[in-house]
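The values are calculated or read from the model by the stated rules, or taken from the named source; none is laboratory data. In this text, all values refer to a predicted model and were calculated from it rather than measured experimentally. All Cβ positions, even for glycine, are placed from backbone atoms using ideal geometry, and neighbour counts span all protein chains on display. Heads up: the accessible areas ignore ligands, DNA and RNA and are worked out on the full protein's heavy atoms, side chains in. Shrake-Rupley method; radii C 1.70, N 1.55, O 1.52, S 1.80 Å.
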Amino acid sequence: MKRLRNEAKNVSNLFPLVEKKPVGRDDIVFLLDGSDGTRNGFPAMLDFVERVVEKLNVGENNDRVSVVQYGRDAEVHFYLNTYTTREDIVDSVRGLRHRGGRPLNTGAALQYVRDNVFTNSSGSRRLQGVPQMLILLNGGRSFDNVDTPASALKQQGIFVIGIGTRSSDIRELQKISYDPSLALSVSDLLTVLMHQPLPSNSWVC
């Protein structure tokens, strides 16, 4: 556990927004693959989210966070305007349960977050010029097409980072990510926390 805590400090290197200014002001949505294929790895996903949230400056006028889980369809666990403290977000994340289900429809999930989460009514401040970020944690190849919804997110100015396991399709993640270089494939999601801290210069704003 001590090693896990120490290596988790490097999570911020994945996200320039975490360290780019003393007081963050970003809208960040985590899209978690909760299909049958990620049952064993789901706790690592939640731990990843928690470690990143702990480094954010959460607040109504600072960083806002939303978490969505998907498999065959998508479900919002909480919106960008649901919680205004880091503690409430962490408590909610710790209480999430793996949904399961198949097939994995990543394309539909991307469209869902665009239409239902990155909106003014759900707490998005895109129209106010606040940076929008989507962090996809994915454990397999999508059953549906991701091209159109991925393009729509980019056209809307949403900064997407795709992180996948060895079962993911890296080319698919590259299509989804804002820039192909932002797609990351690891042997296991826990690797991000425990074994392979990434250098900050491997990511661009």
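Quick notes
- Test result for SER167, under 17 Å from ASP33 (Cα atoms) and within 13 Å of the chain's Cα centre (by Cα): no
- Helices (runs of 4 or more DSSP H) contained in segment 122-205 and holding at least 1 residues within 24 Å of TYR79 (Cα to Cα) and at pLDDT 80 or above: 147-155, 170-176
- Only a single item in (1) out of contact with any helix residue (DSSP H, G or I) (no Cβ under 8 Å at 6 or more places or on another chain); (2) at pLDDT 95 or above is not met by PRO103, and it is number (2).
Here's the yes/no breakdown for (1) surrounded by fewer than 19 Cβ atoms within 10 Å (Cβ to Cβ); (2) farther than 17 Å from ILE161 by Cβ; (3) without any contact (Cβ under 8 Å) to a residue 40 or more places away in the chain:
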site: ASP33; (1), (2), (3): no, no, no
site: ASN81; (1), (2), (3): yes, yes, no
site: ARG94; (1), (2), (3): yes, yes, no
site: ARG97; (1), (2), (3): yes, yes, yes
site: ARG125; (1), (2), (3): yes, yes, no
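- The single condition among (1) outside any helix (DSSP H, G or I); (2) surrounded by fewer than 20 Cβ atoms within 10 Å (Cβ to Cβ); (3) of a type outside the set (Gly, Ala, Ser) that VAL90 does not meet is (1).
- In the set (1) touching a strand residue (DSSP E or B) at 6+ places or on another chain (Cβ under 6 Å); (2) over 20 Å from GLY157 (Cα atoms); (3) modelled with pLDDT under 95, GLY24 fails one condition alone, (2).
- Segment 47-60, residues that are within 25 Å of ASP115 (Cβ to Cβ) and open to solvent by 10 Å² or more (accessible area, probe 1.4 Å): VAL58, GLU60
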